[in-house]
Each structure stands twice: as C-alpha cells, then as structure tokens.
Amino acid sequence: MATAPAYHLILEGILILWIIRLVFSKTYKLQERSDLTAKEKEELIEEWQPEPLVPPVSKNHPALNYNIVSGPPTHNIVVNGKECVNFASFNFLGLLANPRVKAAALASLKKYGVGTCGPRGFYGTFDVHLDLEERLAKFMRTEEAIIYSYGFSTIASAIPAYSKRGDIVFVDSAACFAIQKGLQASRSDIKLFKHNDVADLERLLKEQEIEDQKNPRKARVTRRFIVVEGLYMNTGTVCPLPELVKLKYKYKARIFLEESLSFGVLGEHGRGVTEHYGISIDDIDLISANMENALASRLSGQGYCFSASLPPLLASAAIEALNIMEENPGIFAVLKKKCQHIHKSLQGISGLKVVGEPLSPALHLQLEESTGSREKDVKLLQEIIVQCMNKGIALTQARYLDKDEKCLPPPSIRVVVTVEQTEEELERAASTIREAAQAVLL
C-alpha cells in the first residue's frame with residue numbers, strides 16, 4: 001500500500017488547523033472610539049459635507065447661460081427679447097409654422113388629445129400612426145416604414161436591434177452622437193474608418209476578410225454592417241454612397257444609412273441621398289431619418305417597444321408636411337440654390353473657414369487656427385455669435401458632449417439655411433458674420 005509523501009501530510013494538517021481556527025474564532029466587533037466626547041462628535045457631524053454628485057461648474061459655463069426664445073423658432077425668432085433672422089433652427093423647408101401643418105395638428109389634438117400614454121405594442125398604436133407609416137413607405141419607395149416618438153432614439157435603437165455582440169460594424173469617424181450611442185448599446189466589434197475615406201474602409205474590410213478565412217465557421221455567423229450618414233451633421237458633407245454600395249456587395253456587408261439631415265433636402269423630390277445619387281432604395285438595408293420618426297424595415301428596438309408612441313398631433317402634422325412636399329417639389333431646388341448662395345458668401349472671412357458642401361443646409365464655421373485651448377476657441381466663437389445677435393442675426397454653436405464623443409469635432413458656429421430666408425437676408429448674414437469675425441479675431 002502506497003503512503004502519501006510527508007509534505008502532503010504537513011499541508012493537510014495545516015489546512016485542518018486553519019479550518020478549526022476559522023470555525024472557533026470569535027467574530028470581530030467594531031469598537032466604538034472612546035476618545036471623542038459627545039459634543040465633539042456633534043461638531044464633526046455638523047462640519048461634514050458630502051461629495052458633490054457632479055463636479056463644480058463655472059457660472060460662465062454655456063449650459064448655465066442659455067438664450068431664451070419667446071415664440072416659435074421660425075424665420076424670425078425672438079431671442080432674449082430681441083427679434084432676429086433665424087439661422088440656427090433646423091426648419092429647412094419652413095414648415096414649422098405652415099398654416100396647413102398647424103391646422104392638421106390642431107384637428108388631431110382635438111380628436112386624440114395631447115399624447116398616447118403607451119408604447120406601440122400596448123394600446124399606443126393609433127390609426128394615424130399607421131397612416132403616416134404607409135405614407136412614408138410610399139414616399140420613400142420602401143417595403144415598410146415605422147415611426148418612433150423621438151428622433152435620437154431611432155438610429156440609437158435600430159442599430160442594437162440588428163447588430164449584436166460578436167457582429168462587426170464599420171462606421172465613419174464623423175458619425176453623430178446618436179449613432180455612437182447605438183453602437184455602444186449593440187456591444188458589437190466597432191471599426192472606425194476615416195471620414196468619407198472609401199479606401200480606408202476597404203482596407204478594414206480586407207483585413208476582416210483575411211481574419212474570416214482563419215475561422216470560417218465563426219465568419220458564417222458574424223454579420224457585418226457599414227454605418228454612415230447621408231449628410232453628416234458634424235461636417236456638412238455628403239457620404240460617397242455609390243462607392244459604399246459597391247463595397248457592400250463586394251464584402252457581403254449591410255448598409256445602415258442615417259438621413260436625419262438629408263431627408264427633405266437632397267434629391268429632386270427630397271427623398272434623400274439615394275435619390276441624390278440615383279441609387280435604388282433596395283441597395284440600402286436600413287434608412288433612418290429624423291422627422292421625429294424613422295424610415296426602415298420593421299424591427300424590435302427598445303426605443304420602439306418600450307417608449308410611448310408618437311403623439312397623434314405630430315403624426316398628423318407629418319402627414320400634412322409630406323403632402324406639401326409632394327405638391328411642391330420645386331421647394332428642394334429653391335433650398336439648394338440658397339445653400340449654394342450662403343456657402344459662396346461665407347468664403348474668405350479672415351480667421352474662419354467654411355466646413356461643409358455647397359448643398360448642405362447646415363454649414364460650420366471653424367477657426368482657421370486654434371488658440372490651442374478648446375475653451376478659448378469656444379469663447380471666441382461665442383463672442384462672434386453675440387455680436388451677430390446684437391445685429392439681428394441668430395446663430396448658435398454646435399454642441400457636443402466633450403468627454404463622450406468618440407472623435408470630438410473642433411468647435412464651430414453652425415449656420416442653418418431655410419427656404420424662407422431671402423437673398424438679402426443671406427447676404428446680410430454673411431456680411432454681419434464677416435464684420436463680427438474681424439472685430440473679434442483681428
């Protein structure tokens with residue numbers, strides 16, 4: 001009969017003794033300090049201050065010094081009691097105060113009330129929602145459309161509804177914050193490519209193709225997505241969609257297209273970047289757009305299933321807005337002409353550079369040379385905005401969550417064009433910005 005080595009017996013003995021000690025040892029009791037009197041304890045309690053839930057914020061922080069708008073943010077806007085021409089609000093087609101749109105919303109308000117009080121799957125689907133979805137699908141020539149109650153949640157919810165853990169998403173580095181949050185929620189493998197750089201995207205796709213060859217079984221169940229914006233919110237540039245479609249078929253990927261800025265802007269009839277390039281809608285797997293709704297295939301995103309549905313008055317307003325767009329297709333050519341006008345007029349301003357394409361209704365003015373401090377850059381641009389507002393031109397800075405952005409854009413003044421602005425007002429805005437920049441930067 002074999003005997004255990006001596007060191008085994010020693011270790012077992014030590015282990016048994018340690019267990020016995022644990023079983024019979026007394027529980028440690030926290031002894032109250034006796035070196036403080038009752039009065040001293042009370043004084044310490046009174047002096048104690050909890051740690052702040054948020055870090056201290058300067059009184060000069062933009063979040064604490066906001067402008068107050070009185071009335072609707074239409075062509076003419078009253079800011080801090082001063083009437084200005086509005087170059088800050090995304091009201092590209094001027095439909096916000098359109099009498100027909102307002103009348104449709106008011107009639108719906110009287111019929112349905114102010115809200116739905118439930119998600120789409122729980123008594124939150126109204127007949128007007130289905131009417132709008134049918135109209136959107138017909139307008140965009142898609143198989144189906146769904147509407148969300150909140151624009152930001154659309155793409156942020158649609159991405160994780162399709163792309164799951166283990167899937168791979170190739171996304172443009174200039175993607176907006178809503179896309180970034182959707183990618184974060186998806187827990188997919190994220191690969192950023194340089195802004196509008198098709199060659200860099202193909203490099204990443206080729207690298208992934210090589211990786212897939214090493215593990216073909218995994219590759220068969222891994223889905224690949226390309227996520228881009230039709231017209232980028234942060235840069236005012238149009239995505240190279242024809243080249244992206246070629247890469248989609250070459251590398252067997254799916255394209256998600258965020259068209260919040262390009263819907264109702266690009267294309268002969270305002271259908272967005274697909275119409276702009278003459279690309280079949282069938283080549284795109286999902287399109288989202290911000291009319292406080294989405295254009296897409298039906299899905300099960302959390303923002304759709306668990307958020308209260310779109311108030312019926314907004315759905316009715318959107319239907320009437322679609323009617324106006326279809327009845328007046330020339331409105332998109334008018335907008336395009338005005339975008340080109342302001343883009344040309346803003347060139348050559350000392351100290352500022354124009355970022356964005358001539359057909360974008362939202363342009364950015366950035367400093368030609370940064371001071372080296374983002375905070376100082378923001379203050380300089382804000383001084384220009386204040387001077388412009390004093391002269392009756394309302395502008396705003398592009399806002400970002402500095403610590404949460406994947407690729408934080410430089411500070412900029414955003415200039416928004418609408419069909420309601422006259423040529424004289426466009427020229428006036430450009431000359432006012434030019435004078436303010438000269439006074440602040442030179």
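The values are calculated or read from the model by the stated rules, or taken from the named source; none is laboratory data. No experiment lies behind these values; they were computed from the predicted model shown. Note: ideal-geometry Cβ built from the backbone for every residue, glycine included; neighbour counts use all protein chains shown. These area figures cover heavy atoms from the full protein model, side chains too; ligands, DNA and RNA do not enter into them. Shrake-Rupley method; radii C 1.70, N 1.55, O 1.52, S 1.80 Å.
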Hey, any hits in region 435-442 for a residue that's open to solvent by 20 Å² or more (accessible area, probe 1.4 Å) and on the phi > 0 side of the Ramachandran plot?
no
Of all residues in region 356-376, which are touching a His at 6+ places or on another chain (Cβ under 7 Å) and surrounded by fewer than 18 Cβ atoms within 10 Å (Cβ to Cβ)?
P358
Search result, residues across region 359-375 that are part of a loop (DSSP other than H, G, I, E, B) and in contact (Cβ under 8 Å) with a residue 24 or more places away in the chain:
L359, S360, P361, S370
Of residues in region 380-409 being in contact (Cβ under 8 Å) with a residue 60 or more places away in the chain and in a helix (DSSP H, G or I), the one farthest from G182 (Cα to Cα)
N390
Considering only helices (runs of 4 or more DSSP H) wholly within region 264-333, the ones with at least 3 residues that are at pLDDT 90 or above and within 25 Å of the chain's Cα centre (by Cα) are 273-277, 312-327
Condition check: assigned to a helix (DSSP H, G or I), open to solvent by 20 Å² or more (accessible area, probe 1.4 Å) and not hydrophobic (A, V, I, L, M, F, W, C). Does K218 satisfy that?
yes
Of all residues being of a type in the set (A, V, I, L, M) and under 21 Å from the mean Cα position of the chain (by Cα) in region 245-263, which is farthest from F193 (Cα to Cα)? Just the residue, please.
L261
Which residue, of L192, L183, is under 26 Å from G356 (Cβ atoms), in contact with a Cys (Cβ under 8 Å, 6 or more places away or on another chain) and not acidic (D, E)?
L192
Tell me yes or no: at least one residue of region 119-127 is of a type outside the set (S, T, Y), part of a loop (DSSP other than H, G, I, E, B) and touching a Pro at 6+ places or on another chain (Cβ under 6 Å).
yes
Just to be sure I understand the filter: pairs with C-beta atoms under 9 Å, separated by 6 or more residues or on different chains, first member in region 36-63 and over 30 Å from K376 (Cα atoms), second member part of a loop (DSSP other than H, G, I, E, B) and modelled with pLDDT of 75 or more. Which pairs pass?
L44/L36
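Of the residues K344, K336, K403, K379, which is open to solvent by 70 Å² or more (accessible area, probe 1.4 Å) and within 27 Å of A145 (Cβ to Cβ)? Spell out the reasoning first.
Values: K344 fails: within 27 Å of A145 (Cβ to Cβ); K403 fails: within 27 Å of A145 (Cβ to Cβ); K379 fails: within 27 Å of A145 (Cβ to Cβ).
It is K336.
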Select from region 143-195 the residues that are within 16 Å of the chain's Cα centre (by Cα) and free of Cβ contacts under 8 Å to residues at least 24 places away in the same chain and list them in ascending order.
Q184
If you check every pair at least six apart or on different chains, which have Cβ atoms under 8 Å apart with a residue in region 196-224 that is farther than 11 Å from K252 by Cβ and free of Cβ contacts under 8 Å to residues at least 40 places away in the same chain first and a residue that is assigned to a helix (DSSP H, G or I) and open to solvent by 80 Å² or more (accessible area, probe 1.4 Å) second?
none
Residue count for region 78-124, restricted to those that are open to solvent by 30 Å² or more (accessible area, probe 1.4 Å) and on the phi > 0 side of the Ramachandran plot:
4
For S163: the one exception among (1) in contact with a helix residue (DSSP H, G or I) (Cβ under 6 Å, 6 or more places away or on another chain); (2) open to solvent by less than 30 Å² (accessible area, probe 1.4 Å); (3) farther than 25 Å from Y249 by Cα; (4) not charged (D, E, K, R):
(3)
Within region 33-77, restricting to residues that are among the β-branched types (V, I, T) and assigned to a loop (DSSP other than H, G, I, E, B), the one that is surrounded by the fewest Cβ atoms within 10 Å (Cβ to Cβ) is V54
